[in-house]
Amino acid sequence: MKNNEPYLIIKSMIDSKTFDPNFKFLIASEPGGENIKKCFSCGTCTAGCPVREVTEHYNPRRIIRMAILGMKKEVLSSLFIWLCSSCYTCFERCPQNVKIPELMNAIKNIAVREGYLPSSMKSQLDLLASFGRLLEVTDFENEKRKESNLPLLQGRTEDSKKILSNLGLHREEQDRG
Amino acid sequence: MKNRTEANPLDSEYTLFLGCTVPVRALNYEISARKVAKHLGLHLFDVPDFSCCGYPIKSIHRYAYLLMAARNLALAEKKGLPLCTLCSACCGSLTEANHEIQGDEKLRKRINEDLSKWLGLHYEGGIQVTHYIRALDQEVVRKKISKQVQINLSSLRVAPHYGCHYIKPSTIYHRKENPEDPKSLDELIKATGAQSVQYEDKLQCCGGGVLAMDEQVALAMAHKKLDHLRLQQADAMILICPFCNIMYEGNQRKIEKVYQTEYKLPILYYPQLLGLALGLEPDELGMKMNRVRTTELVKKINGRTD
């Protein structure tokens, strides 16, 4: 994905003619996104967000507001949706049970289907398909485990690849190792 | 099928779920967890072909995540024992998937169709998932700990870091503890005799969840907590998740460089602290593998007991 401004910054007035009013319904039909329309923008999520505390690029209230307005392309193409750390602080505090981390997840799933898969996430996907784990277990790792009297692990499992291939998330030529 | 419930805590057999990070990057956690479990009479069984819990793929394709989790749950079900994880993200991911599969018949049917067609597996929904620390956080185990403590750790002031997925979302854990005021790790620390240090932002996230996306953001998050702990002059930080460790120990040097500061804060996994209290040698607890030196800490304990 080419993106010079990874975290969208809006510099001019937004134009409601470009909005997609169906975006919120699309999100609401995605597992995890069901409660998006219940959001009344109180900002409890943003106030307690540990990511927001260190960067202005992530602001859950703003992202949800943009999604409800129908700013589909802006929301799906910006990397800000990938900045949720999934700490679930807002999930616990939201008075409207919007389940924000799950909602962000629903938006990310839609973004992936629309072709916006960040390269770091793509690498994780390839690793999982190739090894069944995020970190490869080679003879070296097993040797270290043996030295520490720990049970040896199976090097790789084909099952993850089967799952991901069957769901159209992996092709043979993307294999690693 | 043997299965544990809160009402039946005396049972002490679990299948151990290691996940991706622990068996490769956190051997000291695994070594100490196994050692301490053995000491306390908790039996951990292995399933060598467990794979990733599915968590990393949740943001890409939710159903793929559920299937990957279900595969592990199906393998665990063959053992017939509850599953216990060392990684909090694995615990959250498997608990949530389990919850959903158990509660949604239609989903369970779809998952089983795919599991059977693609992998020849089936998951009935009968496994209980828990965190290794929850297995220790039972009255019987805590009493055992208090009885078996041999080394006086009362000179140690250590800071509990709960992390996120061990307590939240509280709905999937049936609100076992208040997510705004958890107590279990504090209690378990006190059971070792050490002092549990209170500090600002105690419940803050380590930042590990965004490390792959934006390293500077993740480092900034971990940096804040390390700063707060320096103010409290804690002897060590106590963790229960290998991913939190990547942030606070694995990246501690990098944070020191970026923020022109020095912490040298020892980071221990809870079973390492517990092991020391139980009289196990630092070497037996994999302390040599801790990246931030723990020599001063061990000296402090010995100074007190000699």
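Read the figures in this text as sums done on the coordinates, not as results from a lab. Only a predicted model underlies this, so the values are computations on that prediction, with no experimental measurement involved. Cβ coordinates were reconstructed from backbone atoms using ideal geometry, including for glycine residues, and neighbour counts include every protein chain displayed.
In table form, for the structure just shown:
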{"item": "Qualifying residue in region B:220-230 (condition: within 14 Å of chain A (Cβ to nearest Cβ), touching a helix residue (DSSP H, G or I) at 6+ places or on another chain (Cβ under 9 Å), of a type in the set (Lys, Arg) and free of Cβ contacts under 8 Å to residues at least 40 places away in the same chain)", "result": "yes"}
{"item": "Counted residues, region B:180-213 - those being at the interface with chain A (Cβ under 8 Å from one of its Cβ atoms), within 17 Å of the chain's Cα centre (by Cα) and not in a loop (DSSP other than H, G, I, E, B)", "result": "2"}
{"item": "Residue that is nearest to B:Tyr63 (Cα to Cα), among those in region A:165-177 that are part of a loop (DSSP other than H, G, I, E, B) and within 7 Å of chain B (Cβ to nearest Cβ)", "result": "A:Leu167"}
{"item": "Identity of the residue in region B:74-128, part of a helix (DSSP H, G or I) and among the β-branched types (Val, Ile, Thr), that ends up surrounded by the most Cβ atoms within 10 Å (Cβ to Cβ)", "result": "B:Ile111"}
{"item": "Per-region count, region B:206-257, residues in contact with an Asp or Glu (Cβ under 6 Å, 6 or more places away or on another chain) and of a type in the set (Asp, Glu)", "result": "1"}
{"item": "Checklist (1) in contact with a helix residue (DSSP H, G or I) (Cβ under 6 Å, 6 or more places away or on another chain); (2) free of Cβ contacts under 8 Å to residues at least 40 places away in the same chain; (3) over 24 Å from B:Cys244 (Cβ atoms) applied to A:Val51, failing item", "result": "(3)"}
{"item": "Scan of region B:64-95 for residues that are in contact with a helix residue (DSSP H, G or I) (Cβ under 7 Å, 6 or more places away or on another chain) and free of Cβ contacts under 8 Å to residues at least 40 places away in the same chain, ordered by number", "result": "B:Ala64, B:Tyr65, B:Met68, B:Ala69"}
{"item": "Which numbered condition B:Asn98 misses (of (1) touching a residue at least 40 places away in the same chain (Cβ under 8 Å); (2) under 25 Å from A:Pro101 (Cα atoms))", "result": "(1)"}
{"item": "Candidate set from region A:145-164 (those that are without any contact (Cβ under 8 Å) to a residue 24 or more places away in the chain, surrounded by 15 or more Cβ atoms within 10 Å (Cβ to Cβ) and assigned to a helix (DSSP H, G or I)); member that is farthest from the other protein chains (Cβ to nearest Cβ)", "result": "A:Arg145"}
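Conditions tested, residue by residue: (1) within 9 Å of chain A (Cβ to nearest Cβ); (2) under 30 Å from B:Leu285 (Cβ atoms); (3) under 19 Å from the mean Cα position of the chain (by Cα); (4) not aliphatic (A, V, I, L, M).
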| residue | (1), (2), (3), (4) |
| --- | --- |
| B:Lys35 | no, yes, yes, yes |
| B:Arg62 | yes, no, no, yes |
| B:Ala74 | no, no, no, no |
| B:Ala89 | yes, yes, yes, no |
| B:His99 | no, no, no, yes |
| B:Arg108 | no, no, no, yes |
